[in-house]
Amino acid sequence: MNNAPVGILYTKNGEILRYNAKFSEIFGFDTEIIGKSARQLCPSDAAYEALGEVAGPILSAGKPFHQEIQLRHHDGHTFWADAVAYLFDPRHPAEGTIWIINDISERKQAERNLHETVQELQSIFNNASVGIVFTNRRTVLRCNRRFEEIVGYASDELHGMPTANLYASAESHEELGRQSSPLLSAGKAFSATKQFRRKDGHLIWCQVFAKAIDPNDPSRGIVWIAADVTEAVSTREALEKSSREMEALMANSSVGIVVTHDRKIVRYNQRFGKLFGFPGENGIGMDTAGLYRSAEEHTELNRRAAPALFQAKPFQTELYMRRQDGSDIWVNLIGYVADPTDPSMGVFWIAEDRTAFKQAEEELKKAYFDQRLIFDNCVAGIAFVRNRVFQQCNRRFEELYGYGPGELTGKPTRVTYFSDKAHAEIGTTAYEMLGRGETFVSEVVHRRQNGDPIWMRITGRAIDPANPNDGSIWNYEDITSRKVAEDSLRESVMLQRAILNSAKLMILSTDSEGRVISCNPATEQMLAYPSAELLGRTPVECFFLREEIQERRRALSSETGFDPASDIDVLLARVRLGSVDQGQWTFQRKDGEKFIVELSISALHPEDKKAQGFLFVASDITERKRAEDALLRSRDELELRVKERTSELESEVLERRRIESKLRYLAHHDALTGLANRTLLQQRLGEAMDNAAQDDTKVAILFIDLDRFKTINDSLGHHIGDTLLKNVASRLTETLRSNDTIARLGGDEFMIILPLKANEALAGKLASKILDALRPPIRIDGHELFVTPSIGICFYPNDGVTVNALMRNADTAMYQAKANGRNTYCYFTAEMNAAADNYFQIESDLRRAVDRNEFEVFYQPVIDLKTHRITSYEALVRWRHPTKGLVGPAQFITVAEESGLIGEIGTIVLRQACSQLRSWIDEGFTSPILALNLSPIQFNDPNLTEGICRILRDYDLTPDRIELEITETVIMQDGELALGTLQNLSSRGFRLSIDDFGTGYSSLAYLKRFPVDTLKIDRSFITDMTANENDRAIVTAIMALANSLHLSVIAEGVETKEQYDLLSALNCNFAQGYYMAKPMPAEMISLETAATT
C-alpha cells in the first residue's frame, strides 16, 4: 500500500482511519491526521456535502464511484484529482469506504491550455483578413467568413461544393491541380495567382497559397489561403500600360524631357539630347548647373522653382539656357515633381526651344518702339478712334486742341465739335466712306478746349473696313493760318474792286468790336445818315432790323451750337471764323424807309493776320436796272456760281437720301447691339404669323431675360453692362438659323421669332442651345462675368393669335422660368396668367408695405452642439400683410429682389434688429450676436460698409455683435470684387459667414482667401443626411474643409432628433432649425436667455 503510485485513503463515518505515503504527498501532510474529519480534504463545507450527495447513492447501491473532483491541499490551494471510491464491504456499508486519489492538476492545466489555443485559432480562422478553406478530394469542407465574402457564397452553399465551381473555367481548375499536386505531395507549399468566379459570375484575381495537412496521408486534405488581389492586378496592369505610354512619350515627344534628382541628370529623351548637344547618354550623371549660362542663374531658378515643386505644383518660366557647344537658347521650361507625395524623389522638366519666338518678339518690340517714336514726334495730330471715342492720341493732337497729356483718352469725339448736329453730319459721311475702305478727307471748323474755333484738315481711314469695331486712324492738320490767308487775299481783291469799280456801293469799315470807323459817301446817300452819326456806333444799332438779327442768331445756334453774346457778335460770327459773310439784308434808312441790299462782310487782316476790323460792302439791289452794265460784267461769274450751286444741290440730295436710309435703319434696329428693335420685331412677328396661317404651320416665340443683370450693371457700371449685352447678343445670334429673327426689346430683354414646320421640340432644343452658349464666362476689363438666361416659350396659334398676346404670354412663361430657379426655360400654359397676375399683385403690395413699414423681424436661435446653449440669433424678416396676415419670406423675397425693393427691405430689417439689440443692452443684459442676411443688391453696393456702420452708430452699437450672412452664389459672381468687400467688412470688425454653402460653385482658391468665420451648410443636405449616404458624405466633407480652414460650421434646417444626434456625433459646431426652436418675435425671447445663453 505504501508503495502504490496513487493515494489510498480509508474513511469511516467521515473520519480518516488510514492512508498511504502517496496520499500524504498529494495533500502535503507532514503530521498524523488519523482520526481527523475528512471534511478538511474538500475546499468547503458545501463542496464536502455535495460530494456526499453525489457519491452516497452510488456507493449505497454497491457500485464504485468515479469522478474528477477538486480537493483541498494542506496549504489551502485547491487541485484537481481523479477520485475512485468503493465500500469496504458492500454488505455492511458502515464498515467504511476506500478512496483512490490521483493528482491530475497538470493534465487539467494542459487541457485548459489546449482549449484556449483552439479558441484562439478558431477566432483567427473566423476573423482572418484572407480567405481560408479546407478541401478534401477537390470538395470544400469548411471555410472562414472572409472566403465567403471573396466568392460571394454563404457557408451552407460552400459546404460540399466541388472546388471546380469556384474557378474561372474547368481548364483553369485542372491546370491548378497539375501545378500544385507535385509540391503538395512532397510536403511543400504551393502559391499562384488565379482567377476565381464569384457566385454573381464576376471574375476576380486571387493570390492562393496551399499546403497539405499531412503529406503522408492525402485523406487529411489541403488547407488553402486566398487573398483578393483584383485591384492590385488592375493597378499593376495600369502601371505597365502607363510605363509603356511614358516610354513612347519620351521617345517621340517634340519637346525635350529630362529627369533630375539631387540636381543631377538621371534620364532624358532624344529630343533633349539633340536640343542641348548631348550625344547618346553622355549627359546622364551631369550636374544640372551645366545647362545654364552661370551658376547664379542656376541658383536663382532653383530658388524660384522650389516653393511650387515642394507643394507638388508645376513650375513654369522662360529663360536663356546653354548648349554644350556654348551657344544660348531661349527655353520655355516646365517642371513638376515625379511623386507629389514625396518631392524629394526627383523632378521632371519639359524644355521647349522658343529661340525663334524670342527673336521675333524682340524684333516686334523694336518695330513697335520705332513706330511709337514716329507717333509721338509727328508734326501732325494723330488719333486712334473706336466707336467715336478717342482711344489714343499723340502729344501734337493734344496741343492742337489745348488738352494736357492723356486728358483726351476715353473722351468722345463730340468734344471737338460745336454742336451735336455738326458731329452727327460728319460722322454719317465719314463712316460710310470708311466702311467702303475709302479715305475720308475734309476741312472743318473744330472747337478747342477753351471754346476757340480752329480750322482743321482731317483725314481718316478704317483699320479694317469689314470690322468697324476695330476702329480708325485720323490725322489732324491745323489749317487756320491758311484759311485766314485765303480769306485775306479774297477780301483785298474785293476791297480793290469796291473802291475802283463800285464807287456807288455802300462801303464802311469797323474796328474789331464792330464800331464804324469810316464810310464812303454812297453809305451816307444810301442810309440818309451823316457819317458823323454813324461813327462810333455799330451797324446793328443804326440800320439793321432786329428781327433779322434774331433770325440769324437762331440759325447760328442750330448750325454750330454757338450763341453769341451780343447782336454785333451775331452779325460778325461767320466772319470771325475766317469766312466772308455774303447775303441779302433789309436796311432801314434814318427816315424809316426800308430797302433790300446785297451785303458782303469780310475781315481786315494786317500782316500779323489778326483781324483788326471788318469791311461792309452793300449794294441797293432796287437800283439793279441802273447797274445792268455791272451785272453783265458779272454774268460769267454768276453762271459759274450757279453751276457750283447746282452741284452742291445734287450732293445735298444724295446725302439726304443716305440719311433717310440711315434713319429708317435706326428706326427698326437697336442702337447698342444692332439687333432688330421692338418695332421691327412686331412687324416680323406679324409676317411670320401670316405665313404660318397660310401654310398651316406654327411659330415659336422665345422671350429671354438675363438673370441678375441689374446687379452687374449697378455694381460694375453701365459701360460693363453695355459691353456684356453686346457679347450676349453676339452669342445669341450665333445659335440661330438665317431665317430666324432676334430682337432686343430694351434693357436685358431679348426675343426670338422661330418659324416651325411641324416639330415644336425645336424651340426647346434652341433654348437648350442658348443655355449652353451663355454658360462660358464673359471676360470684360479684367472681370470674369457669368450670366444666365431665363427663357419663356409660347407658340402661334396655340397660345395666342395676336402679336401683343404672344409677346405677353412669352413674357409670362419667362417669369415662370425665373420662379423655377433661373437658368432654364419654361413653356407657357394658361395657368401662368393667374401666376403672373399674382406676381405683379405681390410687387404692388410690397411697394406699399415698404412705405407703411409692414415688416417685422423674427429671431431664430443658433445652438452650440457641445454645450447645448444658445450662442446667437438669426434675424429673419416677416411681412405682416393687411389681409393675408403673416407672410413668410419664401413668398416675397424673389419678387423683392427682381423689383429692386430688397435693398430697402434689408435696411428696414437691419434697423429693427439694431433697435432690439439696443433695447436688450439698455435693460442691462449682455447682448447676443445677431446674424443678418445680405441680399445681392446690398452686397454689391459700393457704400455697403459705410451704410451699415452708419446705422450701427445711430443705435450706439459695435460691429463685433453683428454677423453678416452672404450666399455662396452671390460671393462667387465676381471673386475679386467679393474679396475686396469682405476684407473691408472684416477690417471693421463684422463677423462673416457664407450662407447656403454647398449649393453654389465656390472656388477653393478664393475660399481660403475670404476672411469668413463660418460656413452654413444648406438645409437641402441636412434633410436627408440620416438616410442618404451621399448627403451625409457631403456634410462630413464640408465640416472637414471648414476644420482645415479653421472655420466654424452651422447646420441649417435641423428638424429631427436623429439629425441633431448625428450632427453631434460628427462634431458639428452649431445647429439651427425647428427641432430646437422656430423663429419667434423678440417679445417671446426671455431676456435672461437673450443675455446669457
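Here are the numbers for this structure:
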item: Dipole-positive endmost among V441, N394, P928 within the chain (Cβ charges, Cα centre); result: V441
item: Separation of alpha-carbon centers, the stretch 857-930 and the stretch 736-754, rounded to whole Å; result: 43 Å
item: Principal-axis tilt of helix 944-954 within the chain, Cα atoms, nearest 10 degrees; result: 80 degrees
item: Within the chain, longest stretch free of exposed GluC sites (Glu not before Pro) [DSSP loop, at most 11 other beta carbons within 10 Å]; result: 282-592
item: Nearest-20 debye value, the stretch 674-830 charge dipole, Cβ charges on Lys, Arg, Asp, Glu; result: 220 debye
item: Mean Cα-pair separation over length for the stretch 7-111, i.e. relative contact order, pairs under 8 Å, 6 or more apart, %; result: 27 percent
item: Distance (nanometres) between label positions extended 7 Å along Cα→Cβ at R304 and E843; result: 5.6 nm
item: Cα-projected label distance for Q40 with N691, points at 7 Å along beta-carbon direction, nm; result: 12.7 nm
item: Which label in (1) -0.27, -0.41, -1.15; (2) -0.32, -0.50, -1.26; (3) -0.52, -0.72, -1.28 gives the computed log10 I(q)/I(0) by the Debye sum over Cα atoms at q = 0.04, 0.05, 0.09 Å⁻¹; result: (3)
item: Folded to 0 to 90 degrees: helix 832-852 orientation relative to the chain principal axis, Cα; result: 80 degrees
item: Euclidean distance between Cα centres, the stretch 332-391 to the stretch 643-678, Å; result: 45 Å
item: Structure-based [θ]222 nm, the chain - -39500 (n - 2.57) summed over DSSP H runs of at least 4, per residue, nearest 500; result: -13000 deg cm²/dmol
item: Neighbourhood charge, 9 Å Cβ-Cβ cut-off, centred on I458 and excluding it, Lys, Arg +1 and Asp, Glu -1; result: -1
item: For S181, net neighbour charge (Lys/Arg +1, Asp/Glu -1) across residues whose Cβ lies under 12 Å away; result: +1
item: Theoretical gain in end-to-end length, I517 to R589 [0.36 nm per residue, Cα-Cα removed]; result: 24.0 nm
item: Sparsely packed trypsin sites (Lys or Arg not before Pro) within the stretch 183-272, loop by DSSP, other Cβ within 10 Å at most 16; result: K188, R198, K199, R263
item: Calculated FRET efficiency for the pair V130/I104, C-beta based, R₀ 30 Å, to 0.05; result: 0.15
item: Dipole-positive endmost among N1043, F190, H605 within the chain (Cβ charges, Cα centre); result: F190
item: With Cα atoms, 0 to 90° folded angle of helix 761-773 axis to the chain main axis; result: 90 degrees
item: Amide N proximity, the stretch 406-422 versus K726 label position 7 Å along Cα-to-Cβ, cut-off under 18 Å; result: 409-414
item: Residue-span extension gain [H868 to T78] - 0.36 nm each, minus C-alpha spacing; result: 278.7 nm
item: Centre separation in Å (Cα based) which lies between the stretch 431-454 and the stretch 156-185; result: 98 Å
item: Net charge, P959 excluded, C-beta distance under 9 Å - Lys, Arg +1, Asp, Glu -1; result: +2
item: Potential extension, S987-F357 segment - 0.36 nm per residue separation minus Cα distance; result: 222.1 nm
item: Zone residues, the stretch 224-242, relative to R198, backbone N less than 17 Å from point 7 Å out along Cα-to-Cβ; result: 226-235
item: Distance in nm between pseudo-label sites at K274 and Q67 (7 Å out along the Cβ direction from Cα); result: 9.9 nm
item: Residues A805 and K757, FRET efficiency given R0 of 22 Å [Cβ-Cβ distance, rounded to 0.05]; result: 0.45
item: Charge dipole (the stretch 253-360, unit charges on Cβ, about Cα centre) - positive-most of W349, A289, L309; result: W349
item: Mean separation of Cα contacts under 8 Å, 6 or more apart, over the residue count of the chain: relative contact order %; result: 4 percent
item: Length-normalised contact order of the stretch 253-360 in % [C-alpha pairs under 8 Å, at least 6 apart]; result: 27 percent
item: Calculated FRET efficiency for the pair S185/D30, C-beta based, R₀ 60 Å, to 0.05; result: 0.50
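Here, each number is a calculation from the coordinates, and none is a lab measurement. Keep in mind it's a predicted model, so treat the numbers as computed, not measured. Note: ideal-geometry Cβ built from the backbone for every residue, glycine included; neighbour counts use all protein chains shown.
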